[in-house]
1. Could you calculate the contour length gain from A:Glu261 to A:Arg247, that is, 0.36 nm times the residue separation minus the distance between their Cα atoms, to one decimal place in nm?
2. I'd like the projected area of the protein assembly as shown, averaged over all directions, using the convex hull of its alpha carbons. Report it in nm² with one decimal.
3. Sum -39500 (n - 2.57) across every DSSP H segment of at least 4 residues in chain A, then divide by the residue count to get the 222 nm mean residue ellipticity, nearest 500.
4. Over the Cα atoms of the range D:12-101, Rg to Rh with Kirkwood Rh, two decimal places?
5. In nm, what does the list of distances from B:Gly97 to its counterparts in the other copies look like, shortest first, when each label sits 7 Å along Cα to Cβ?
6. Assuming R0 = 25 Å, what is the FRET efficiency of A:Thr128 and D:Ala257, from their Cβ-Cβ distance, to the nearest 0.05?
7. When Rg is the radius of gyration of the Cα atoms in the range C:48-200 and Rh is its Kirkwood radius, what does Rg/Rh come to?
8. Sequence-distant or interchain residues sharing an amide H contact under 5 Å with C:Val4, placed H: which?
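Derivation of every value follows stated rules applied to the coordinates shown; laboratory data play no part. Computed from a predicted structure; not experimentally measured. Cβ: placed from backbone, ideal geometry, glycine included. Neighbour counts: every protein chain shown.
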Amino acid sequence: MSTVKQAPATTGEVQTIVAARRLTSAKVVFIGVGRPSTAAILAREVHNPALVLVYESGTIGAKPRRVPLSIGDGELAETADAVVAVPEMFAYWVQAGRIDVAFLGAAQVDRYANLNSTVIGEYDAPRTRLPGAGGAPEIAGGCGEVVVIVPHTTRTFVERLDFVTTVGHADPDGVLGSIPGEPAGITREGLGLRGRGPSAVITDLGVLQPDPVTKELVLVELLPGATVQQARERTGWDLRVADDPRRTAEPTAEELTALRELVGR
Amino acid sequence: MSTVKQAPATTGEVQTIVAARRLTSAKVVFIGVGRPSTAAILAREVHNPALVLVYESGTIGAKPRRVPLSIGDGELAETADAVVAVPEMFAYWVQAGRIDVAFLGAAQVDRYANLNSTVIGEYDAPRTRLPGAGGAPEIAGGCGEVVVIVPHTTRTFVERLDFVTTVGHADPDGVLGSIPGEPAGITREGLGLRGRGPSAVITDLGVLQPDPVTKELVLVELLPGATVQQARERTGWDLRVADDPRRTAEPTAEELTALRELVGR
Amino acid sequence: MAEVTDLRSAVAGLVRDGDAVALEGFTHLIPFRAGHEILRQGRRDLELIRMTPDVLYDQMVGVGAARKLVFSYGGNPGVGSLHRFRDAIEHGWPHPIEIEEHSHAGMANRYLAGASDLPFAVLRGYRGTDLEARTRVERVTCPFTGEVLAAVPALHPDVSIVHAQEADRQGNVQLWGIPGVQKEAVLAATRSLVTVERIVDELVPRPGGVVLPGWTIDAVAEAPGGSQPSYAHGITDRDNAAYREWDRVSRDRDTFAAWMDEHVLDASAPVT
Amino acid sequence: MAEVTDLRSAVAGLVRDGDAVALEGFTHLIPFRAGHEILRQGRRDLELIRMTPDVLYDQMVGVGAARKLVFSYGGNPGVGSLHRFRDAIEHGWPHPIEIEEHSHAGMANRYLAGASDLPFAVLRGYRGTDLEARTRVERVTCPFTGEVLAAVPALHPDVSIVHAQEADRQGNVQLWGIPGVQKEAVLAATRSLVTVERIVDELVPRPGGVVLPGWTIDAVAEAPGGSQPSYAHGITDRDNAAYREWDRVSRDRDTFAAWMDEHVLDASAPVT
């Protein structure tokens, strides 16, 4: 470890480090590109060397030394325990519930951690066309739990999704009325989804977790320097906040060094 | 080729040679163990070196030099172009109609080339319990055509099957009444089966082919030494016979030598 | 992560009376040694699942370990009948046995549905056959084309047991050669055991290699020659003579019983 | 048996205006060179099918070759938006485009059904999402458990095109590394073309090797570097800089058009 004094962690670095910590006791994690991938590789290096990384490209047990630009980089296949075709990945591995934790991003999140990654505006006349579903709907419906990693802005944290791409905790109190074709008050179990659904939303301000009973997201943790006030301002609904939100432990020197080495490779 | 005078061909040898000749212009053949396998390997050696042999063990393009005892012998995998799992074999290869010709055996055959390989007697109190369906029903329902290879006896050629394991040409005139759960007069197309169904039944007496219109089996060819009278006596229904059945061409010295070398390896 | 242990402990820990047990291997890699260990431990009342019962299930049925047999082809490949299988179905010896039979395509799809955690799988099959009324198959209609197809229910064995060539010390398994339905059988099961020819320091990827990560398996046990008289591609050869000899041994109840006592059930005997 | 020919002849013989064309490759082995040849030959009105449209379909959509896009994730992996894809959907440039989108699981199952010649496939998905009302998906009920599942219709492209590392002179193809849905795409299609890094005398089985026998393919064409800026495992590397650079090139319509003219459409230019 470097003995040179480290520059303080950026907010993005802290968000990645917080995400990595959630994998301390996970066995198998499913990841896409970007921050989730960085967090999972970091977790494997720092917290949990036995962690099995699964990418939707079909690489199971990949052991990347660098952060891949795409989920199909050659290093993932070279270091994987097994490499399978995409139909098998979604049938035998995701749908069959063999993955403990999945990391997902999104363009919009609502109070029940339902996700939009399809379109901003009207579907037929979009203001912004997003990439679309990818693996997210079935990943969120098949893995043991889902951790959502998003920036905390009013653009992201919206009262009502423009498009439900991925069901999180659905609409258990019927307040959204946004689960298409289903009765008000539908739960994820009622939709036939497996797994516990989103267990946390990690932002650049803090961590939100669903209330165990109502499933509504609650701010339970604040990143260093972040305030409840900021979180409320950047949330498009009346955000619930825990009585005494935890303060995220500062990144350790080991975490920060490992992350910076990883990103720099 | 041997210049020593050959012993005359046995009836079984002729039956195998006749079966092999049917593969002269086939591209891909699906085979089980026993005489069908011998015939297909012989065809590849003598008539059709490009013939692709597919075994239900998942070996595609196997090039055996010996007759395998089981359809899963190691030589099949070692010499195959591709080896696939059983679910894929039945889905991507058989069901998808990629096989031109399949060779099948059976314990009973009726006049529409429907097959029984499940039970003699009552299902719940069998006189003889046979091995069962194996791959036959879907092979017969998915391959381009089916060639049935059986001994010609009244035990095999029956008026009514004890059990319909595999549908050949069903019951197009409604005379059998033996296609369960279907209206009288059902055709194989009516059952949703693909491919042309049985195109020939090769016995130790001759070759039967379905009438192009009625689909009833007609004796069209006699093996050397066999008579129409014998075929009628060994058939459990009033056998239709072509006006002037062809006489099978005698095995050539090349065919017989190749067959004996193959079986002797 | 799979526990790497000995065969006796693995079977004792995973297989219980009354279980639905699948020992798979499509002519290749048939887990004979594990099946024999189940018999030596006296397990009874088993639902035995296997596409091709083969000599191994003839033995297990013949000693009376099976309550039910789920299968698609009950023959001695290339040789003829399975005499113990026939005796059980035709004469109820040593006791009556329930059977549930499918086609190969049906069984393969049942394992596939099990591995995918879907309740059923769809195929074009069964229609027009007497099997349809005798087994667990339903019809489903394609919502796009109206075509009527067959649906078969997922298989979820309590325990699946397969044999493979190699495992590493973390219990990751690799098999190669004819892959059969071993992967699907393991992934469809509640519990699983893989016997292997050898434990190695590191799995080197092979052409045709199928890898089962250790975390998908409960136990791995070393059992060299554990698929004989079947074979392990590249390591052991198929003992065709033993398959032919089985026809003689198994025809007669007493000859069978004596053979089993001598070669399988006597714990001090070398295992075939 | 596949005809081993040159890329220009293969594309001219197999791809027609109006075709439903799948160029597959899941981040790996994306058949850029074949896609560019389709554009150089001026094909139009195509239904472009691909799980991950990627830079290649951004180019094909951007020059106006597509009538319709069938996909599940339209992003530049690790970089951001596909600007031509967005411009077509958001602004109808260069002309309006029809879209039909699925999830990855839905698309993978659609290829699987196509390769199996089943009219549909079943999965647990779509329910509760807005996708369900916007795409081709129906609900089916399990006849054994009553569970309601999603059904997706089979994909049967008129032509599927994939890239692989090797073919032999008989047109047998082997690819290795991340296999994606290439095998399913080829087997689901009416016609197929495989471009390869090299033609070899004999295919040597590789770890992870997926073999497509020549008789399942219509044409094989040698195209070294044919998946660049994607890659061919073990032969070429992914050109990450080109993916990042595409973000700049594709943002502006004129810059895009000039780049395409220079790098792709000018038949005398070296192909990227």
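1. Length gained, A:Glu261 through A:Arg247: 2.5 nm.
2. 45.1
3. Value at 222 nm, helices only, nearest 500: -6000 deg cm²/dmol.
4. 0.93
5. So the label point of B:Gly97 gives 3.9 nm to the other copies.
6. About 0.65, to the nearest 0.05.
7. 1.01
8. C:Val220
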